[in-house]
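K.L.:
Shown below is the structure under consideration.
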Amino acid sequence: MNSPPSQRYAPWLWLLLGLFALRVVAQPLALQVDTPLLPRFESWHSGLLPYPVLVITQVIIVLWLARTSRAFTRGAVVPRARIGTAAIAFGSVYFVAMAARLVLGATLLADQRWFASPLPTFFHLVLAAFLLLYGHFHWRYS
């Protein structure tokens, strides 16, 4: 018996969700625990949003990622070409912008905090990868 194609995507979506959830948990933990194994609290965000707004936004994102990953696991996702195209387009722009941010922060704009914050940029790349994978499923199977 063949499993629905969405189930083949599910482990990768759960992995990306796990990475992002790790980030959401690690930042406040870094505020409470001083250990060389965990970057300092300030390393986890670029300061663009106030921390309470950032946390609320992250929780909403985690909930959407979990809901989506669960639907893929259950094989309950109906592929739609428009969703695939939109997710791939947005995910591609997002990924390229964050990759550029990472490169610029390591070189030309190392003195600018938003650019020189590699940890949040990495997790933006994780979110972009989730969107790209999500979009690929919809695009390929519609």
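K.L.:
In nanometres, what is the gap between the two model label sites at Ala86 and Ser3, each 7 Å from Cα along Cα-to-Cβ?
P.N.:
The two pseudo-label positions are separated by 2.8 nm.
K.L.:
Here's something else I'd like to know. With the other protein chains left in place, how much accessible area per residue, in square angstrom, belongs to the chain at a 1.4 angstrom probe?
P.N.:
61 Å²
K.L.:
While we're looking at this one, here's another question. Using a 10 angstrom cutoff on alpha carbons, build the Gaussian network for the chain and name the most mobile of Leu19, Leu109, Leu48.
P.N.:
Leu48
K.L.:
Run the numbers for His136 and Val78: contour at 0.36 nm per residue of separation, minus the present Cα-Cα distance, in nm.
P.N.:
Going from the current span to full extension adds 19.6 nm.
K.L.:
On to the next question. Keeping the other protein chains in place, figure out the carbon and sulfur percent of the accessible area of the chain, with a 1.4 Å probe.
P.N.:
Answer for the chain is 71 percent, counting heavy atoms of protein chains only.
K.L.:
Scan (1) 25; (2) 28; (3) 40 for the value of percent of Cα pairs over 27 Å apart calculated from this model and give just the label.
P.N.:
Of the listed options (1) 25; (2) 28; (3) 40, (2) comes from this structure.
K.L.:
Here's a follow-up. Expressed as a rounded percentage, what relative contact order does segment 1-138 have, with Cα pairs under 8 Å and six or more residues apart?
P.N.:
Relative CO of segment 1-138 lands at 36 percent.
K.L.:
Just to confirm my numbers, what's the Cα centroid distance between segment 92-107 and segment 2-44 in Å?
P.N.:
With segment 92-107 and segment 2-44 each reduced to a Cα centre, they are spaced 20 Å.
K.L.:
So how do Arg82, Arg8, Arg67 rank on accessible area, 1.4 Å probe, biggest first, that is with the largest at the start?
P.N.:
Details: Arg82 210, Arg8 125, Arg67 160 Å².
From most accessible down to least: Arg82, Arg67, Arg8.
The values are calculated or read from the model by the stated rules, or taken from the named source; none is laboratory data. Since the model is a prediction, treat every value here as computed from it, not as a measurement. Note that each Cβ is placed from the backbone with ideal geometry, even for glycine, and that neighbours are counted across all protein chains shown. Surface areas here come from the heavy atoms of the whole protein model, side chains and all, with no ligands, DNA or RNA. Shrake-Rupley method; radii C 1.70, N 1.55, O 1.52, S 1.80 Å.
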